[in-house]
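Trainee: Here's a structure for you.
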Amino acid sequence: MAVAYQEARRCLDALVLLHRSGQGAAAEDLGFLGLLLADGRDIEGFVGRTIGQVVAYDRRRGTDLVRTLDAYFGSGMSPARTKDELHVHVNTVAQRLERVGRLLGPDWQSPARALEIQLALRLHALSDAVTGK
């Protein structure tokens, strides 16, 4: 009971700092901040909630959306530099990013979401490296 109270208290404090007084949220509702606040550190859950649809799409269809996202962010969100990194045509990058937008929602490039997606991509890559996938 004390552990749950402490986590709830940390979430409440975070909401106040985020100027969201009067709102409620569990750790998993707070994105990467919730990952840091939660006692359980549900990294797999965070990755799943953040980029799970893209990972699942790649697995089902054999596409490279996760790799494209990683290259896109690594290239400073420049489609031209992304195409050079991936050795594909810029139209291919545009089509892949359009698909990503449909999977993740229209705000996926906003600063807050982009930060969460980049963190999820790194955690996903680390997880794959550790498990050998």
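For every residue, the table says whether it meets (1) hydroxyl-bearing (Ser, Thr, Tyr); (2) outside any loop (DSSP other than H, G, I, E, B); (3) within 14 Å of residue 51 (Cβ to Cβ); (4) more than 12 Å from the chain's Cα centre (by Cα).
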{"residue": "72", "(1), (2), (3), (4)": "yes, yes, yes, yes"}
{"residue": "77", "(1), (2), (3), (4)": "no, no, no, yes"}
{"residue": "88", "(1), (2), (3), (4)": "no, no, no, yes"}
{"residue": "94", "(1), (2), (3), (4)": "no, yes, no, yes"}
{"residue": "119", "(1), (2), (3), (4)": "no, yes, yes, no"}
{"residue": "122", "(1), (2), (3), (4)": "no, yes, yes, no"}
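Trainee: To continue, here is another question. Which residue, of 66, 93, 100, 88, is closer than 18 Å to residue 44 by Cα and not acidic (Asp, Glu)?
Mentor: Of the residues listed, the single one that is closer than 18 Å to residue 44 by Cα and not acidic (Asp, Glu) is 66.
Trainee: Could you check region 109-123 and list, in sequence order, the residues that are hydrophobic (A, V, I, L, M, F, W, C) and touching a Phe, Trp or Tyr at 6+ places or on another chain (Cβ under 8 Å)?
Mentor: Correct list: 114, 115, 117, 119, 120, 121, 123.
Trainee: Right, here's the next one. Looking for whichever is at pLDDT 95 or above and surrounded by 12 or more Cβ atoms within 10 Å (Cβ to Cβ) here; the options are 121, 69. Which one fits?
Mentor: On the way: 121 fails: at pLDDT 95 or above.
Going through 121, 69 in turn, just one is at pLDDT 95 or above and surrounded by 12 or more Cβ atoms within 10 Å (Cβ to Cβ): 69.
Trainee: Also, quick follow-up: Quick check: anything in region 103-112 polar (S, T, N, Q), out of contact with any Asp or Glu (no Cβ under 9 Å at 6 or more places or on another chain) and outside any helix (DSSP H, G or I)?
Mentor: Looking only at region 103-112, we keep the residues that are polar (S, T, N, Q), and these are 109-110.
If we keep only those that are out of contact with any Asp or Glu (no Cβ under 9 Å at 6 or more places or on another chain) too, we end up with 109-110.
Retained after the next criterion (residues that are outside any helix (DSSP H, G or I)): 109-110.
Scanning region 103-112, I find at least one residue that is polar (S, T, N, Q), out of contact with any Asp or Glu (no Cβ under 9 Å at 6 or more places or on another chain) and outside any helix (DSSP H, G or I), so the answer is yes.
Trainee: Going through region 72-92 one residue at a time, which ones are under 21 Å from residue 124 (Cα atoms), surrounded by 14 or more Cβ atoms within 10 Å (Cβ to Cβ) and without any contact (Cβ under 8 Å) to a residue 40 or more places away in the chain?
Mentor: Across region 72-92, the qualifying residues are 72, 74, 75, 82, 85, 86.
The values are calculated or read from the model by the stated rules, or taken from the named source; none is laboratory data. This one's a predicted model, so the numbers in the text were calculated from it and none came from an experiment. Methodologically, a virtual Cβ is constructed for each residue, glycine included, from the backbone with ideal geometry; neighbour enumeration extends over all protein chains shown.
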